[in-house]
1. Measure nothing fancy, just the Cα-based angle from helix 66-77's long axis to the longest principal axis of the chain, in degrees from 0 to 90, nearest 10.
2. What list do you get for THR104, THR173, THR56, THR119 if you sort them by fewest beta carbons within 10 Å?
3. Mind ranking 40-48, 181-189, 164-172 by how tightly packed they are, going by the mean number of other C-beta atoms within 10 angstrom, highest first?
4. For the stretch 39-181, rounded, prolate or oblate, judged on the Cα gyration tensor with a ≥ b ≥ c (square roots of eigenvalues), a/c < 1.5 rounded, else prolate if a/b > b/c?
5. Could you identify which residue out of ILE146, ILE24, ILE201 has the top mean-square fluctuation in a GNM of the chain using Cα springs shorter than 10 Å?
6. Quick one: give the max-minus-min coordinate of the C-alpha atoms of the chain along each principal axis, largest first, in Å.
7. Please label the shape of the stretch 147-223 as rounded, prolate or oblate, based on the square roots a ≥ b ≥ c of the eigenvalues of the alpha-carbon gyration tensor (a/c under 1.5 means rounded; beyond that, a/b larger than b/c means prolate, else oblate).
8. Which of VAL102, VAL228 comes first, and how do the rest follow, when ranked by fewest Cβ neighbours within 10 Å?
Amino acid sequence: MDFYEQHQLYISQLHATLAKIKDIGLAKKRLTYLRWKVAENLDKLLFEFETNVKKTDANILWAPDANMAIEYMNKHLQPFSNVRFLQHNAVKKLVNTGKIQVPTIPERADAIVVGAKFTLANTGNFFCALHSTEEYDAMLQAKKIIVIAGIDSMLASQADLVLAKQLYAIYETGLLSYPAEIISRPGKPRGIQAEIVLILIDDGRSKIIEHPVHRPLFSLLNFDLPAVCPMQALSYDPDNWQKVDSLTYFLYPFISDMQAYASHFKNNYGFRQLNNYVPYDIDLSDHVMEARAAVHKPDKINPLSALLDADKSGLVLHPKKFRDKAKFDKYAEHHFFGK
């Protein structure tokens, strides 16, 4: 299935699913509020999460950056020769940052590296959304499971998980639920024969929280952009661990250095359209314009520059551009990615 076919399938599934939801706007507002409260109280919630994990004689491995996370991971994977990395958002970020050579998928994996979609402060549990029942079976057969989670994955209460996972499933897949999922906890929980190790990573995420105006972006960090992403259309390869979607590309300057990576949003259009495909009530185009204004503030912008800087969100995702890939590539590189 090529990108355009995948895009069309996702859109048709999403429309059918949204028709079943009574008030999707209210649901998105509720999730945005829940995640905003997490950003406001993250230090307290991380302490609560660790306290609940320790109640069952388990521990969390805290990693300030990807290098420390890889060091922890290598230590726990050393005894195992058959290791499998699942293509989950948190794992992909670690692989890309650490330039890890991902092994081929073994017939049966002794150790699994998986990403957590959410961690749950009031129970010490984590939630993994799986791409297939085959991934679920592989996890049940493993002897060691390494769970990678960002501090952005936190929910205050497991009661919030019902809303969060359903909205994530809807906007990531177009369907009401994921093909398979696991809720468990670090240590040696019942029902899973493996020892589970949880590595919790900051890796710049807390920088967003330091600036209150950017805290809504914190809610997006563990979200997988679905098949509407134009950046993936330029080189569609579902097995490519190095691919980056528009949302990740846009968020990177906020986590790292806004001035150094200004090109990521300086000429970046179309986020008003992408707002239709995220589970939050957040105006991405406002953040784009605000970031670009901050970068341009020291400059003397003449009228011609202001004209060229005008928003073109309504054009960038025109469906016809997906059908003519050559034209789309040229247009996107010039208008969407700041290249």
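Every number here is computed from the coordinates shown, using simple stated rules; none is lab data. Just so you know, these numbers come straight off a predicted model, no measurement behind them. No Cβ is skipped: glycine too gets one built from the backbone with ideal geometry, and neighbour counts run over all protein chains shown.
1. 30
2. So the ranking, lowest neighbour count to highest, is THR104, THR56, THR173, THR119.
3. Descending packing order for the listed peptides: 164-172, 181-189, 40-48.
4. oblate
5. ILE24
6. 64, 44, 42
7. oblate
8. Going from least to most buried by this count: VAL102, VAL228.
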